[in-house]
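Scroll down for the structure; my scribbles are underneath it.
Read-outs: derived from the displayed coordinates by stated rules, not from any lab. Here the structure is a predicted model, which means the values were calculated and not measured. Quick reminder, even Gly has a Cβ in these numbers, built from the backbone with ideal geometry, and neighbours come from all protein chains shown.
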Amino acid sequence: MSGAKKLVIVESPTKMKSIAQYLGDGYEVLSSVGHIRDLIEPKNLPPELKKGGLGKFSVDVDNGFEPYYVVSDSKKKTVAELKRALKNADELLLATDEDREGEAIAWHLLQELKPKIPVRRMVFHEITKDAIQKAKDNTRELDTALVDAQETRRILDRLYGYEVSPVLWRKVGPGLSAGRVQSAATRLVVERERERLAFVSAEYWDLLGRFAPATSGSAFDAKLVRLGGDRIAVGRDFDDLGKLKSKAAVLDEATARALVEALKAPGVRRVVSKLEQKPWTRRPSAPFTTSTLQQEAGRKLRLSAKDTMRVAQSLYENGYITYMRTDSVSLSKQAIDAARAQATALYGADSVPDAPRTYTGKSKNAQEAHEAIRPSGEEFRTPPSLKGSLRGREFDLYDLIWKRTVASQMADAKGQTATVTIEVGPTAADAATPEGATAAIGGTIAEFTASGTVITFPGFRAAYEESRDEDRNADDASGEAKLPPLKEGQEITLEELEAKGHETSPLPRYTEASLVKRLEELGIGRPSTFASIISTILDRGYVTQRGQALVPSWIAFSVVRLLEEHFGDLVQFDFTAEMEDDLDRIAAGEADRVDWLNGFYFGNETHRGLRQVVDNLGDIDAREINSIPISDGVTLRIGRYGPYLETVDPEAGPDATPRRVNLPQDLAPDELTPAKARELIDAPVQTDRELGANPENGKQVVVKDGRFGPYVTELEPEPETDAAASVDPKTGEVVEAPKPKRGAKKPVAVKPRTASLFKSMQIEEVDLDTALKLLDLPRTVGLDPESGDEITAQNGRYGPYLKKGAETRTLPSEDAIFDIDLPGALELLAQPKYGARRASSALKEFAEDPVSGKPIKVKDGRFGPYVTDGTTNATIPRAETVEEITFERAVELLQIKRDKGPAAPRAKKAPAAKKPAAKKPAAKPAAKTSAAAKKTTTAAKTTAANTTAARKPAVRKTATKPDEA
């Protein structure tokens, strides 16, 4: 073939550009921009297939769980371009990531493109020239076991979600969803909140003293640890119910304060009774896996798991780090040599041990990785050398990965911990005298301890030290204090002594970092899925963030309770983890996907299948599922419009109507204690407050608290007589008014004027003058001296603004509506309009979008910054800034928007037809569609048989109808 090139297909546009520069002129590199096919939504199936085994899931559960795939509309152009390129190629290299998803993308490309040329699988773990050259020379065949594992997971998630979610819709609320991993993660967060709800705080006291050598030396802090030989209780000695779970002695406030006075009194002896020195050695942490990178980036850089993966993806695709989806902690010999050489150069030869360090991970899964996350190449680029090419989060994350990798090959850190024990109490002579200070402490000895750590050799700590999660009830101690030279028997002086009270704390809420750690410990999900798991439970509203903490919503309590009571196996952590192990066995070729799916859905001898569980649910009491007892007579209900408290007055009788009290939106579940519930119930009910009469029309003005916030309104006067009656002027009797004639127009009700309060206003502080000013909005500021147009100041949906004809300008605050004068308004109107300033220039510009072929720009619009290629607009999420948007992220946002498709238009009422339209026969088109589907399947099987990388199992059903999911 004249001028033919080898076609290389990757899944990322950024990776496409990076690889192309290393392969040369004999290769053409194109991108699929992720998956090109997915399961069709059941509602979009061809009509003749909706009644068969495919109809419910788009997966034929009756025939080997065969899925029905489609190419989405947004990917048809991409597929067409790939097919055109394939015509001029003499070889196809599928170079997607070497994990389940990457292998599945390669298989879908193979099935859709149907190549008639040799096909090879090209894999690599870093994008460097050496790695790419090595990968093209060492290709392999498609790993069908990995494809089976990915497809099994996709089908499993479809079966789980489509069977369980409808139960949630009926019994909890519309729009909810369930999933094998997201439900387990939600349960973890809810269980932690339940523990916090059940927690009972316990109080304990201790003493903190400041001591100094009697002769010379610096002062140091020490803490009371024993009294009369008994250990003093600290936070860890109490259980979650506030009960002491050890034999330690609990100091109350009175005892602690009395002890302070006694130990400070003259005649009390203070001496160093024991001095211990212990050497310690600490090993460096292993190189990063996906989960440990997410945890550490969350602790050190305050990055979410999603943001961590997005930034890491960019670093990988631009050639800075190795593949970022891995659960391996091992390093290649190349990486070990590079890390040791860099540590030697930067920190000295003694910072590196004689032998290279090797690490082994706990994960049983080997399908995701071959090496830990590390800087790419034979020689690592130091962070300072990349300050010109990496900025912001990309630089910070690379710096973190570089430090962890280099430190992992460095020597142990070494040091010594010195612990001093100080005895405070009576001398032998004083013990026999029941007078003075000795009597106050009853002749007992109080022991204080202080510890000081000295680092004798920093080792890996010169480069990096891992952060740790917060430890609840971790008592403050002087563990890192610097101690003066001391010796046993030395006299010590007491400079200060203080009694300190403490309360035990409940388990801290999960953060993204600690939840990722817990998911990994339980074996739920895989490193590559942790970020999407957390994003899902946040997007579904099951969890919200308060700072770094993950707080469950009340509706999450209902969802988890329903799943626990009626789908117990599906949310058991062990069961969910076993699913992951089963998927690993399928990926390793040790289990058959069809057999496993049959057991999961239809059941087997060891457990009931999902189908059996759903078919035998029985009655589910929705009211009971959505109710949580708070205290006697007070119940929390989760209703359609949110949570509320329901209480019944015990004196009102059994038939009394329950009283409902709404909950504050910012009240976390663990804050709803019985005392707080009673406070909300007993709070005075907010009623309408009359402000006075409007002097212009005499109408009463009131301030109210409505569904959408506080507002003021005018009350329309009540009619003097009943609308259906009148007064006879002769007799003075009230007589019924005649009934209106049929078809007569009803009188139009007068709509009262209303106005919302400003955000700075409080409902209790609003007076009549302020209310009248609000009701009179918009306010006329004046007339434009040039055009004569009226200028008004008013409040709108998007905030306060000025208006002159069609011209508008945003005001700096709501108060400016009343404060701005005509000169100020004219000055503001003379400035360029915000939208006009942005319309002419983009905030950022990128290369052409791989789908549309048009240049991508980042612009600022009415609703905030967005990405556009001139055809598709995608809003930038609030959690991301314009500076963080890279080309690949822009491409991803546009693709997500295309996949969603246009918003469905509102249904319009069709005009009444004079004659019913004749029905067209549907049998002929249906048969045609069926034949086409069979033809597609047959062609796919033929191609697979003739392709070197073809898949051995039966080819999945395919179609070209759009997927509107």
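Between K56 and E590, the distance separating the two model label sites (each 7 Å from Cα on the Cα→Cβ line) works out to 3.2 nm.
With 0.36 nm allotted per residue and the present C-alpha distance subtracted, the S535-E276 stretch has 88.3 nm of extension available. Averaging the Cα positions of each part gives two centres, and for the range 331-355 and the range 1-69 these lie 43 Å apart. Note on K900: aspartates and glutamates with a C-alpha under 13 Å away, same-chain residues under 8 apart excluded, are E41, D73, E892, D963, E964.
Phi-derived couplings, Karplus 6.51 cos²θ - 1.76 cosθ + 1.60 at θ = phi - 60°, listed residue by residue for the range 354-360: 4, 10, x, 8, 10, 10, 10 Hz, with x used for Gly and Pro.
Descending by average beta-carbon neighbour count within 10 Å, the peptides 781-794, 388-401, 325-338, 603-616 line up as 325-338, 388-401, 781-794, 603-616, the highest first. Oblate is the label for the range 290-412. Its Cα gyration tensor axes, ordered a ≥ b ≥ c, give a/c of at least 1.5 and b/c at or above a/b. Modelled label positions at E495 and N88, each set 7 Å beyond Cα in the direction of Cβ, lie 8.1 nm from each other. Distances between placed amide hydrogens fall under 5 Å for G609 paired with G603, N604, all partners being 5 or more residues away or on another chain.
Pairs exceeding a 30 Å alpha-carbon distance, out of K56/K517; K517/K854; K136/K333; K17/K859; K51/K116; K76/K134: K56/K517; K517/K854; K51/K116; K76/K134. For the range 180-255, applying the loop criterion from DSSP together with a ceiling of 13 other beta carbons within 10 Å to the trypsin sites (Lys or Arg not before Pro) yields K243, K245, K247.
Determine the sum of side-chain charges near G392: Lys and Arg each +1, Asp and Glu each -1, restricted to other residues whose C-beta is under 12 angstrom from that of G392. Neighbourhood net charge equals -4.
Using a simple spin-label model with pseudo-atoms 7 Å out from Cα toward Cβ, E690 and S467 lie 5.9 nm apart. Mind jotting down the distance between the C-alpha centroids of the range 117-164 and the range 602-623, whole Å? So the two Cα centres are separated by 35 Å.
The aspartates and glutamates whose alpha-carbon is closer than 18 Å to the alpha-carbon of K414, local same-chain residues fewer than 8 away aside, are E276, D350, D354, E465, E466, E480. Once the C-beta distance of S216 and S389 is scaled by a Förster radius of 51 Å, the resulting FRET efficiency is 0.40 to the nearest 0.05. Using the Cβ of V225 as centre and a radius below 9 Å, the other residues enclosed give a net charge of +1, where K and R count +1 and D and E count -1. For the range 836-900, the direction-averaged projected area of the alpha-carbon convex hull comes to 4.3 nm². The calculated FRET efficiency for the pair F457 and A20, based on their C-beta separation and a Förster distance of 60 Å, comes to about 0.80.
In this calculation the C-beta distance from L777 to V614 is compared with R0 = 51 Å, giving a FRET efficiency of 0.35.
Could you sort out which of K245/K676; K75/K306; K300/K844; K15/K857; K699/K773; K759/K804 sit more than 18 Å apart by Cα distance in this structure? Check vs 18 Å cut-off fails for K245/K676; K75/K306; K300/K844; K15/K857; K759/K804.
Place a label point 7 angstrom from the Cα of R283 along the Cα-to-Cβ direction, then list the residues of the range 323-344 whose backbone nitrogen is under 16 Å away. Counting only backbone N, you get 329-331.
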